[in-house]
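Quick notes on the structure that follows.
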Amino acid sequence: MSWPASRLGDALESLARKSNLSSRAVELPSPPELVLRGEEGATGRWIEGAASWLGMEAEHVGAPYSEVGQLISGAAPALLKLPSDGEPRFLLLYGTGRKRVRLLAPDLTIRRVNRETVRDAVCQRIEAPLVPEVDGMLLKAGVARRRRSRAREAILRERLSSVRIGGCWLLRLSPGRSYWQQMRRQRLPRRLLVLTISHTLQYALLLLSWSIVGRAAFQGRVDSGWLWAWGLLLLTMIPLRLAATWSSGMLAVEAGASIKRRLMYGALRLDAEDIRRQGVGQLFGRVIESGAVESLALSSGFLGLFAFIELTMAAVVLYAGAGGGFHLLFLVGWVALTFLSGWLSFKQRGRWTETRLSMTHELVERMIGHRTRIAQEAPESWHEGEDQTVERYLDISKGMDRATVMQSILPRGWLVVGFLGLAPAFVSVGGSSPTALAISLGGILLAYRALQRLASVLSQLVGAAIAWKQVAPIFKAARRSEYPALPTFDLELRPVDAESQRRQVVIEAHDLVFRYPGRAEPVLQQCSVQIYSGERLLLVGDSGGGKSTLGSILAGLRSPVSGLLLLSGMDRGVLGPEGWRKRVASAPQFHENHVFMGTFAFNLLMGRGWPPEAQDLKDAEEICRELALGDLINRMPAGLSQMVGEMGWQLSHGERSRLYIARTLLQGADLIVLDESFGALDPETMRQCLECVLQRACTLVVIAHP
């Protein structure tokens, strides 16, 4: 039931089709020799690249020895690598359960297998050396035969608790795919249907129970049979209430996670130039509004569904009462008036939100530049325009408050209108029966409750719609297509012999043209360059001459308007954005580089892979000491594990610069681009850092001022 590595492309495509993760009719090429030999890193890169080519994502995950069974139970669809001395083999997890899993066999049939059987196959290699020793120990201890299996498992679990087992790749839809497909994949429409049916039945049973009580009251007697029916209806509502609560909770959690994943994916695909044109305050405002979109949209969606069900039930009750169709028209008109009030509130709240966000942006920008203002701006200019801004904000707030008050009054106004709708029934000849009047009164109260919920829904929807204006660019950015690399994954780009490697062209650019958005004149015009492996280039020029722009184009951070750019003879469409950035590492200028919240090791190795292995940490410390960061590491109480960033260990300007250089070198790229990375260093430290860079960089481009 396992697939050989030579058929890994067929396996991945078959599992994607069976799981409805991909419909692309592509034929994946055979994996390269490194994958067939079982090299872990090459196998992971090939699987991730092939999954990207099929329009989905593959995430490599692992688990401690004691949790391998739990990983298998919740991993489908996934690829599971089996330990092997020869050609690697893989199991295709199509479906999972608590005790059994479904595997996709090479003949494309689905086989059901015990979960423990799969777990034993995965853990066999690490257990095999210990099993004879453990069995001998159990035999000497006189453990009964029937209890040896459980005792062996307990001892192995204790001795192998620190061992982590990998080789599992989870497959899922890319967050950039159609959001409707993602919702269907998570079964959100089904959960919504269960929620709707449960709440509708619950409400219908509630009305039916009250009708039984009302019938008994108007008849003047209560039969035991009707009491039993009333009690059974109330008991039946309990599982329906539980189903509705469970469905709404699961729907909120899964939909919220889906929205967060989509926004994170879109944020990482925003155009770099668009981000540069926005200040910290604007970006901070977008982040805040993204949380508002999630909470308001989900809560208002549930309330809106409940309000629609309750209004429908109230309309049925009103139609059956004394007012009849005339009363029903009153309700329809009042609902329309409520929606009109919601629209006016939307307009007022939109103006208020724009003003509020503008004040937030300005406040954050002033906080970021507070020291600059104190040092260079005249004190009498610090608070210019603040009073006018606050006054304008208060005026707009008054208008929004009036709209909000109007929206809250409307449900109470319905009580007056509803009772007026009963006037024809009172003044008509003969009047209406007490039963019909009681039904109408019940319908009025039900409609009042539904209108209260509707007003709350409209208020939340207005907030969500306004917040969406700020979040929509991030959400839509997830759909921006980046052509993935061909899954050939040329894992051995460098020639074997040193002479061929020295003559290899790493970068070849012809007639590059680049123009910034909104500018008529290009920054780069007919730029051509060739960079051979092993070369060290110093790019010097005046400010604004296009040095950094060229460096960012070579690193794949920007795309030229026209021209030809090749990396090792392949263009961006062949290598893909990720493949390009793996082969060209760049340290941008100081203001475009950042120290993130996390450990010093994370900031060093974030471009190499995380979590790190022992060799990664060893290489990181070695490079840091070569860059004269040894004293810093020795001063930090936790060493490489010291928290750094705004809330952690404070780094000086020069220490940050050397951190950026180390981060770039640790990626092991074919080409290193350093943009003004030595400007903050003293001559002695710069000489030491330059020696380290020249020794470790395969090919180097340094950008500096004259």
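The values are calculated or read from the model by the stated rules, or taken from the named source; none is laboratory data. Just so we're clear, the structure is a prediction, and the values are computed from it rather than from any experiment. So basically every Cβ, Gly included, is an ideal-geometry build from the backbone, and we count neighbours across all protein chains shown. For accessibility, only protein heavy atoms count, side chains too; no ligands or nucleic acids. Shrake-Rupley method; radii C 1.70, N 1.55, O 1.52, S 1.80 Å.
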| task | Starting from the stretch 650-664, keep only residues that are open to solvent by 10 Å² or more (accessible area, probe 1.4 Å), then list their pairs with residues that are modelled with pLDDT under 90 and of a type in the set (Lys, Arg) whose Cβ atoms are within a distance under 9 Å, requiring at least 6 positions of separation or different chains. | result | ARG663/ARG608
| Just to be sure, is ARG276 of a type in the set (D, E, K, R), touching a helix residue (DSSP H, G or I) at 6+ places or on another chain (Cβ under 9 Å) and either in contact (Cβ under 8 Å) with a residue 12 or more places away in the chain or open to solvent by less than 30 Å² (accessible area, probe 1.4 Å) (or both)? | no
| Just a yes or no: is a residue in the stretch 402-410 exposed (fewer than 12 other Cβ atoms within 10 Å of the Cβ), out of contact with any helix residue (DSSP H, G or I) (no Cβ under 6 Å at 6 or more places or on another chain), β-branched (Val, Ile, Thr) and farther than 21 Å from VAL335 by Cβ? | no
| task | Tell me which residues, restricted to the stretch 260-309, are modelled with pLDDT of 80 or more, more than 30 Å from ALA447 (Cβ to Cβ) and part of a helix (DSSP H, G or I). | result | LYS260, ARG261, ARG262, LEU263, MET264, TYR265, GLY266, ALA267
| task | For residues that are surrounded by fewer than 19 Cβ atoms within 10 Å (Cβ to Cβ) and out of contact with any strand residue (DSSP E or B) (no Cβ under 9 Å at 6 or more places or on another chain), scanning just the stretch 37-50, find the one that is farthest from ALA121 (Cα to Cα). | result | GLY41
| task | May I ask you to say which residue of ALA638, ALA614, ALA585 is aliphatic (A, V, I, L, M) and touching a helix residue (DSSP H, G or I) at 6+ places or on another chain (Cβ under 6 Å)? | result | ALA585
| message | Among the residues of the stretch 360-400, what is the count of those that are within 30 Å of PHE339 (Cα to Cα), open to solvent by 60 Å² or more (accessible area, probe 1.4 Å) and touching a helix residue (DSSP H, G or I) at 6+ places or on another chain (Cβ under 9 Å)? | response | 1
| note | Counting only helices (runs of 4 or more DSSP H) wholly inside the stretch 139-239, the ones holding at least 1 residues that are under 30 Å from ALA11 (Cα atoms) and touching a residue at least 24 places away in the same chain (Cβ under 8 Å) are 179-185, 188-219
| query | Inside the stretch 139-158, can you point out the residues that are of a type in the set (D, E, K, R), out of contact with any helix residue (DSSP H, G or I) (no Cβ under 8 Å at 6 or more places or on another chain) and over 27 Å from LEU93 (Cβ atoms)? | reply | LYS140, ARG145, ARG146, ARG147, GLU158
| said: Yes or no: the stretch 628-638 includes at least one residue that is open to solvent by 60 Å² or more (accessible area, probe 1.4 Å), without any contact (Cβ under 8 Å) to a residue 60 or more places away in the chain, among the small types (Gly, Ala, Ser) and more than 20 Å from VAL701 (Cα to Cα). | reply: no
| request: Give me the pairs, please: first residue somewhere in the stretch 74-101 and in contact (Cβ under 8 Å) with a residue 24 or more places away in the chain and under 24 Å from SER174 (Cα atoms), second residue anywhere and open to solvent by 30 Å² or more (accessible area, probe 1.4 Å) and of a type in the set (Asp, Glu), beta-carbon distance under 9 Å, and either six or more positions apart or on two chains. | output: LYS81/GLU40
| said: With the structure loaded, tell me whether LEU34 is in a helix (DSSP H, G or I) and touching a helix residue (DSSP H, G or I) at 6+ places or on another chain (Cβ under 9 Å) or whether it fails that test. | reply: yes
| Got a sec? Which of LEU270, LEU298 is touching a residue at least 24 places away in the same chain (Cβ under 8 Å) and open to solvent by 40 Å² or more (accessible area, probe 1.4 Å)? | LEU270
| query | Got a number for residues in the stretch 610-627 being crowded, with 17+ Cβ neighbours inside 10 Å and more than 18 Å from GLY166 (Cβ to Cβ)? | reply | 7
| request: Hey, can you tell me all the residues within the stretch 60-76 that are open to solvent by 10 Å² or more (accessible area, probe 1.4 Å) and not in a helix (DSSP H, G or I)? | output: HIS60, VAL61, GLY62, PRO64, GLY74, ALA76
| Would you pick out the residues in the stretch 660-669 that are of a type in the set (A, V, I, L, M, F, W, C) and either over 15 Å from MET686 (Cβ atoms) or under 27 Å from the mean Cα position of the chain (by Cα) (or both)? | LEU665, LEU666, ALA669
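To keep it simple, each residue is scored yes or no on (1) outside any helix (DSSP H, G or I); (2) under 46 Å from the mean Cα position of the chain (by Cα); (3) free of Cβ contacts under 8 Å to residues at least 12 places away in the same chain.
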{"site": "MET359", "(1), (2), (3)": "no, yes, no"}
{"site": "GLU362", "(1), (2), (3)": "no, yes, no"}
{"site": "ARG366", "(1), (2), (3)": "no, yes, yes"}
{"site": "GLU384", "(1), (2), (3)": "yes, yes, yes"}
{"site": "THR389", "(1), (2), (3)": "no, yes, no"}
{"site": "PRO424", "(1), (2), (3)": "no, no, no"}
{"site": "ILE444", "(1), (2), (3)": "no, yes, no"}
{"site": "ARG449", "(1), (2), (3)": "no, yes, no"}
{"site": "GLN452", "(1), (2), (3)": "no, yes, no"}
| message | Considering only residues that are crowded, with 19+ Cβ neighbours inside 10 Å and in a loop (DSSP other than H, G, I, E, B), which ones fall in the stretch 593-609? | response | VAL595
| Does the stretch 51-59 contain any residue that is among the aromatic types (Phe, Trp, Tyr), closer than 17 Å to ALA121 by Cα and in a helix (DSSP H, G or I)? | no
| said: What's the total number of residues in the stretch 639-649 that are open to solvent by less than 20 Å² (accessible area, probe 1.4 Å) and out of contact with any Ser or Thr (no Cβ under 8 Å at 6 or more places or on another chain)? | reply: 2
| task | Report whether or not ARG373 is without any contact (Cβ under 8 Å) to a residue 40 or more places away in the chain, assigned to a helix (DSSP H, G or I), over 24 Å from VAL405 (Cα atoms) and among the charged types (D, E, K, R). | result | yes
| For the stretch 78-95, which residues satisfy the criterion of being open to solvent by 50 Å² or more (accessible area, probe 1.4 Å) and assigned to a strand (DSSP E or B)? | ARG89, TYR94
| task | State yes or no: is GLN695 in a helix (DSSP H, G or I), closer than 19 Å to ARG583 by Cα and open to solvent by 20 Å² or more (accessible area, probe 1.4 Å)? | result | yes
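A quick yes/no check of all residues on (1) under 16 Å from THR353 (Cβ atoms); (2) touching a residue at least 40 places away in the same chain (Cβ under 8 Å); (3) open to solvent by 30 Å² or more (accessible area, probe 1.4 Å):
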| site | (1), (2), (3) |
| --- | --- |
| GLN282 | yes, yes, yes |
| GLU289 | yes, yes, no |
| GLU294 | no, no, yes |
| LEU303 | no, yes, yes |
| ALA307 | no, yes, no |
| THR312 | no, no, yes |
| PHE326 | no, yes, yes |
| field | Filter result for PHE590 (free of Cβ contacts under 8 Å to residues at least 24 places away in the same chain and buried (at least 16 other Cβ atoms within 10 Å of the Cβ)) | value | no
| request: Scan the stretch 616-658 for residues that are part of a helix (DSSP H, G or I) and under 30 Å from the mean Cα position of the chain (by Cα) and report the count. | output: 6
